[in-house]
Amino acid sequence: MSNFGLRTWDGNGNLEFDSTTDLTMFPIYSQAIQGVNVNRSSGLTINFPQWAGREIAAFMQSPYNWGSTDGWCVLSIRISYPNGVPTVLIFLDNANNNYSICDGWLTVMLTGG
Amino acid sequence: MTYGARFRNASNNYVTVDEESPSYVYLGKYQIPDQGGGTFDIYVHCVGYPLVFFGLPYNVGPGGGRVDFNACQDRVGIQVMKTAPTNDSATWVITVKVAAQNRTGLNLWLRVFGMLHLNFPNGSWDHYGARFWNSQSQLVFDAGFKQLRLAGNSYSTELALPYMAPDPNRDANDKYDAVVGVPFDLANKSICANARGIIYLPYQYGSYVDFDTQQNINQFYTMAYDTMYWATGNALWARRICTNFGRLDTTDNPSADYSQCQIVYTRICAIDNNLYP
């Protein structure tokens, strides 16, 4: 048990929140990612120097469906820490340039790590 | 950070509650229809963009054991295909695809998290605990709600699904799987891992001459592969499963469609279902 931080309990004495646990997630960034702004070869890189030394989690979701050749899309999201700076590399891809390239919604969170 | 509070966690890092990092809190769960597989639209309530965790088919055998064309189909997995808004600003439609080959009893659920200040601007009814507001009087933390908390450190684990053009001719079941280990058992866990890749592959199996037109007709199997997830023990699998299989007779030579993402990556974030009943 840590001697630092914040803990709260409900009226029945059940622990509600414990800041000493590593894994409570707090969002630090969200952005709508337009597929047309993502280079299909090099992707899109976003970094967070203000959070250097911390570990992040990143989530990507898409409002688009697939199911046919014409509509499929690819999401890929990669996290790295060059010089300790959390960095997100995003790829969005579609089968064919003749079809709309998919978009996505990015959420980045601090993991506590 | 101008408003809020910072606390040291056990890793000696800061847990920050401030105006720039409002909480994601648990909004509820929704059952995925147990119909032996299929594609389902599930309407969930959330103001603002939701984070959706999906339950994993756990330790379900591949079944069938066939090694013919159906081998790439006869497999179990789950995928969240899209998270789309509706005309109702507080309702989203989550499209989920389950490959189950008529198996039932998988007991799969979606668990939905949303921004605290958008979904519960007035806070909880709880009379105990702690609340924080930002400078705009928006509630950014309320201990009366269940915060988004991971089941363990799986975010350091990266899953890479290699680019590989499947050969549909008598593939082994697991040839196009990628697997990573996480430091906890994935039973009764849900994940948010939305990276995905798909390959469309026409595979010619024959040809004939159309006697009416005297044209040569090529015969193809057309196969679309999804990225779907499945777990056993501490292992999380991403698998390419052919969920769309058809035949095409054409005078053309359709080409395979491959992603330009040579490898599809994702980090694994898992929650404990027991904490979010």
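The values are calculated or read from the model by the stated rules, or taken from the named source; none is laboratory data. Everything numeric in this text was worked out from a predicted model, so none of it was measured. With ideal geometry, Cβ positions are generated from the backbone for all residues, glycine too; neighbour counts draw on all protein chains shown. These area figures cover heavy atoms from the full protein model, side chains too; ligands, DNA and RNA do not enter into them. Shrake-Rupley method; radii C 1.70, N 1.55, O 1.52, S 1.80 Å.
Would you check if B:Pro33 is surrounded by fewer than 19 Cβ atoms within 10 Å (Cβ to Cβ), at pLDDT 85 or above, outside any strand (DSSP E or B) and not aromatic (Phe, Trp, Tyr)?
Yes, satisfied.
Since B:Arg8 meets every condition but one in (1) at pLDDT 95 or above; (2) open to solvent by 20 Å² or more (accessible area, probe 1.4 Å), which condition does it not meet?
Of the numbered conditions (1) at pLDDT 95 or above; (2) open to solvent by 20 Å² or more (accessible area, probe 1.4 Å), the odd one out for B:Arg8 is (1).
Only one of (1) over 26 Å from A:Met109 (Cα atoms); (2) modelled with pLDDT under 90; (3) polar (S, T, N, Q); (4) out of contact with any Cys (no Cβ under 9 Å at 6 or more places or on another chain) is not met by B:Ser207, so which one is it?
All conditions pass for B:Ser207, except number (2).
Within region A:38-60, identify whether any single residue is more than 14 Å from A:Leu92 (Cα to Cα), among the charged types (D, E, K, R) and open to solvent by less than 70 Å² (accessible area, probe 1.4 Å), and answer yes or no.
Scanning region A:38-60, I find at least one residue that is more than 14 Å from A:Leu92 (Cα to Cα), among the charged types (D, E, K, R) and open to solvent by less than 70 Å² (accessible area, probe 1.4 Å), so the answer is yes.
Of these, A:Gly53, A:Gly11, which one is in a loop (DSSP other than H, G, I, E, B), small (Gly, Ala, Ser) and modelled with pLDDT of 85 or more?
Residue meeting the stated conditions: A:Gly53.
So which of B:Asp212, B:Asp252 is free of Cβ contacts under 8 Å to residues at least 12 places away in the same chain and part of a loop (DSSP other than H, G, I, E, B)?
The match here is B:Asp212.
Which residues, counting only those in region B:95-112, are more than 9 Å from chain A (Cβ to nearest Cβ), part of a strand (DSSP E or B) and crowded, with 20+ Cβ neighbours inside 10 Å?
The answer is B:Val96, B:Val98, B:Ala99, B:Leu110, B:Arg111, B:Val112.
What tally of residues in region A:79-95 results from selecting those that are at the interface with chain B (Cβ under 7 Å from one of its Cβ atoms) and modelled with pLDDT under 90?
Looking only at that region, the number is 3.
So is A:Gly67 on the phi > 0 side of the Ramachandran plot and either facing another protein chain (nearest Cβ under 7 Å) or modelled with pLDDT under 75 (or both) or not?
Values: on the phi > 0 side of the Ramachandran plot: yes; either facing another protein chain (nearest Cβ under 7 Å) or modelled with pLDDT under 75 (or both): yes.
Taking the combined requirement at face value, the residue satisfies it.
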